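Right, one structure below, let's go through it.
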Amino acid sequence: MGSAVELILLLAAVAYIIVKYINIINNDTKIENQKITEEKASQLFNLIVKEAEKKGLKIEQDNSTSSNSDELSETDQVLQKIPNFSKEKFIESAKKAFELILDSFSKGDTETLEKLVSKNVAKKFQEILNQRQSEGITSETDLISFDSAEITNAKITKNDLVKITVKFISEQVNLLKNKDGEIIEGDEQYIQNITDVWTFERSITSASPNWLLTSTKKS
């Protein structure tokens, strides 16, 4: 109990000294003097910590800023640079976009697709749709649920374009039917577990919150 009281008194003393030094800083216009003052305050706090440790007590120092920064992945460090970016909101929006694009592609709704995907992706989708149409093939896609959706990569290009890659794992029922309505691929009773890796893109300076799908691949 005595050691705890002594520690409190020591901390109170150092707090008073640090406040005095802060006042000096506020009234001092010389940068060099400010640096010296800050160094002295830091040295005093370190002395208090050492004194407490000698008495068998431990003071936890706050290194949250540096440690959190060190713990961030490269992807999260990039995401932090995007103004007003929320990982949670982005994932939810990406899942909605995934569902809408999947449904539009299945139905051959090119008008909707053109609003959600890049020109290159729209061109590839159109080629597949044209081929199916020429063969009298129709498709049906039923997205049952998402097992997971996570950001796996993010980068900002020299042109200030943000590219975010998302890995979707979902359960789907996919069917292809011929012109007579007969199933030629897939099974109505079979739920597939499918992994898709999609990349979304947007200018970091854009005022629009909309992202375009620029790349798709199966994993």
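Numbers at a glance
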{"quantity": "Residue in the range 194-214 that is modelled with pLDDT of 95 or more, touching a helix residue (DSSP H, G or I) at 6+ places or on another chain (Cβ under 8 Å), among the acidic types (Asp, Glu) and closer than 21 Å to Phe98 by Cα present", "calculated": "yes"}
{"quantity": "Any hit, the range 150-157, residues being open to solvent by 80 Å² or more (accessible area, probe 1.4 Å) and outside any helix (DSSP H, G or I)", "calculated": "yes"}
{"quantity": "Boolean, Ile144 is farther than 19 Å from Thr216 by Cα, part of a loop (DSSP other than H, G, I, E, B) and among the β-branched types (Val, Ile, Thr)", "calculated": "no"}
{"quantity": "Qualifying positions in the range 114-141 - part of a strand (DSSP E or B) and open to solvent by less than 80 Å² (accessible area, probe 1.4 Å)", "calculated": "Val117, Thr138, Ser139, Thr141"}
{"quantity": "Any pair with Cβ under 7 angstrom, 6 or more apart, that starts in the range 129-147 at a residue that is touching a residue at least 24 places away in the same chain (Cβ under 8 Å) and over 16 Å from Asp187 (Cβ atoms) and ends at one that is exposed (fewer than 11 other Cβ atoms within 10 Å of the Cβ) and of a type outside the set (S, T, N, Q)", "calculated": "Gly136/Lys179"}
{"quantity": "Cross-chain or 6+ apart pairs with Cβ under 8 Å, the range 150-178 first and without any contact (Cβ under 8 Å) to a residue 12 or more places away in the chain, then open to solvent by 40 Å² or more (accessible area, probe 1.4 Å)", "calculated": "Thr157/Lys163"}
{"quantity": "Any hit, the range 124-142, residues being within 20 Å of Pro209 (Cβ to Cβ) and at pLDDT 95 or above", "calculated": "no"}
{"quantity": "Tabulated pairs, the range 89-112, first part of a helix (DSSP H, G or I), second of a type in the set (D, E, K, R), C-beta under 8 angstrom, 6+ apart or interchain", "calculated": "Ile91/Glu150; Phe98/Asp196; Asp103/Asp109; Ser106/Glu140"}
{"quantity": "Subset of the range 158-170 that is of a type outside the set (A, V, I, L, M, F, W, C) and open to solvent by less than 60 Å² (accessible area, probe 1.4 Å) - its residue that is nearest to the chain's Cα centre (by Cα)", "calculated": "Thr165"}
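The values are calculated or read from the model by the stated rules, or taken from the named source; none is laboratory data. Since we're looking at a predicted model, the values are computed, not measured. All Cβ positions, glycine included, derive from the backbone under ideal geometry; neighbour counts span all protein chains shown. The protein model used for the area step is the full one, side chains on, heavy atoms only, and it has no ligands, DNA or RNA in it. Shrake-Rupley method; radii C 1.70, N 1.55, O 1.52, S 1.80 Å.
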